[in-house]
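Quick notes on the structure that follows.
The values are calculated or read from the model by the stated rules, or taken from the named source; none is laboratory data. Quick caveat, the model's predicted, so the values are computed rather than measured. No Cβ is skipped: glycine too gets one built from the backbone with ideal geometry, and neighbour counts run over all protein chains shown. The area values use the complete protein model at the heavy-atom level, side chains included, leaving out ligands, DNA and RNA. Shrake-Rupley method; radii C 1.70, N 1.55, O 1.52, S 1.80 Å.
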Amino acid sequence: MRPFIVCHMMESLDGRIDCAMTEKLAGSEEYYSAIKELEIPTVIFGRVTAQMEVTSEPPFSGDAGEPLGKEAVHKAENAEGYTVVADTRGTLGWREGKADGRPLLILLSERVGQNYLRYLESKGISYIATGKERIDLARAAEILYSGFGVQRLGVEGGGTVNAGFLAAGLLDEISIILAPGIDARCGMRASFDGLPPGSEPVRLKLLSAKSFDDGALWLRYSL
C-alpha cells in the first residue's frame, strides 16, 4: 500500500521549470489553487529545489558520522500533511522542524551519517532512511502511507526527483500548469530530467484540459 501520487508542476512552453523564470509568467496563481483542488496536503521536493525554495539555512557542515547502514524511521510529529524533502546523503541545513507551515520529513538513503540523523532529531524533524545507495522511493512511499498516514502525495520537483518517481512506476497522475512563455536558455532543467539516454518515452492518457483567461493551461494526465 502506498499513497496516490501526483506530480504537479508549472512549466514554460518549452518544458523548463526554473522558479525564478516561471514566477514571471502567467499561471502562478493557478498553480497554487490547483494544489488545493488536487487535495495533496503532503508534498515532496528534491534536494536542489528544497535548497532554493524551502530552506534558507546554509548546508550542514558538521561531522556526519558513520553511515547508518540500515533502514530507519523517526516520527517527530503527527500531522495531516508534511513537507517532504529527498536529500540522499543528508546535506541540507534546517532552522526548525517546519517548512511552508507543515512539519518537515526528510527522505534519505542508508548512506546518511548517524550524526546527521541526530541533528534532524534535535530540530524535531522526522525522517525515513531507506535504500542502500540511493533512496528506495517505493519503500519510502510505503512508509509514508503506513507510518505517517499519507494518502495523497504531491511531487513538486525538481526534474531529477520527478523522473525518479516516474522511472519507479510510482506516479498515478501528472498535473501541469503550462505557462504562456518560453525560457529557451541552454541547460535549464525540465519537469522530468536525468534518465539515461536509452530510456523509453512514457505514454500518458489525458484526463482533462482547462484554459484560463491569462493564457495558462492546466493539463492533467493519468499513466
Quick one: in region 154-173, which of the residues that are open to solvent by less than 30 Å² (accessible area, probe 1.4 Å) and of a type in the set (Asp, Glu) is nearest to the chain's Cα centre (by Cα)?
-> Glu156
Does region 33-51 include one or more residues that are at pLDDT below 95 and acidic (Asp, Glu)?
-> no
Given (1) open to solvent by less than 40 Å² (accessible area, probe 1.4 Å); (2) in a helix (DSSP H, G or I); (3) farther than 30 Å from Ser208 by Cα, Ala64 misses just (2)
Consider Val73 carefully, then state whether it is over 30 Å from Leu217 (Cα atoms), open to solvent by 30 Å² or more (accessible area, probe 1.4 Å) and of a type in the set (Val, Ile, Thr).
-> yes
Failed condition for Lys36, given (1) closer than 15 Å to Leu178 by Cα; (2) outside any loop (DSSP other than H, G, I, E, B) | (1)
Only residues that are surrounded by fewer than 14 Cβ atoms within 10 Å (Cβ to Cβ) and of a type in the set (Gly, Ala, Ser): list them for region 9-38, please.
-> Ala20, Ser33
Enumerate the strands (runs of 3 or more DSSP E) found wholly within region 120-223, keeping only those where 3 or more residues are within 30 Å of Glu77 (Cα to Cα).
-> 126-129, 152-155, 173-178
Do you know which residues across region 83-118 are crowded, with 19+ Cβ neighbours inside 10 Å, in a strand (DSSP E or B) and within 17 Å of the chain's Cα centre (by Cα)?
-> Thr83, Val84, Val85, Ala86, Ala99, Pro103, Leu104, Leu105, Ile106, Leu107, Leu108
Checklist (1) under 14 Å from the mean Cα position of the chain (by Cα); (2) of a type in the set (D, E, K, R); (3) more than 25 Å from Phe4 (Cα to Cα) applied to Glu133, failing item = (1)
From Gly181, Gly187, Gly147, grab the single residue that is surrounded by fewer than 16 Cβ atoms within 10 Å (Cβ to Cβ), more than 24 Å from Gln51 (Cα to Cα) and not acidic (Asp, Glu).
-> Gly147
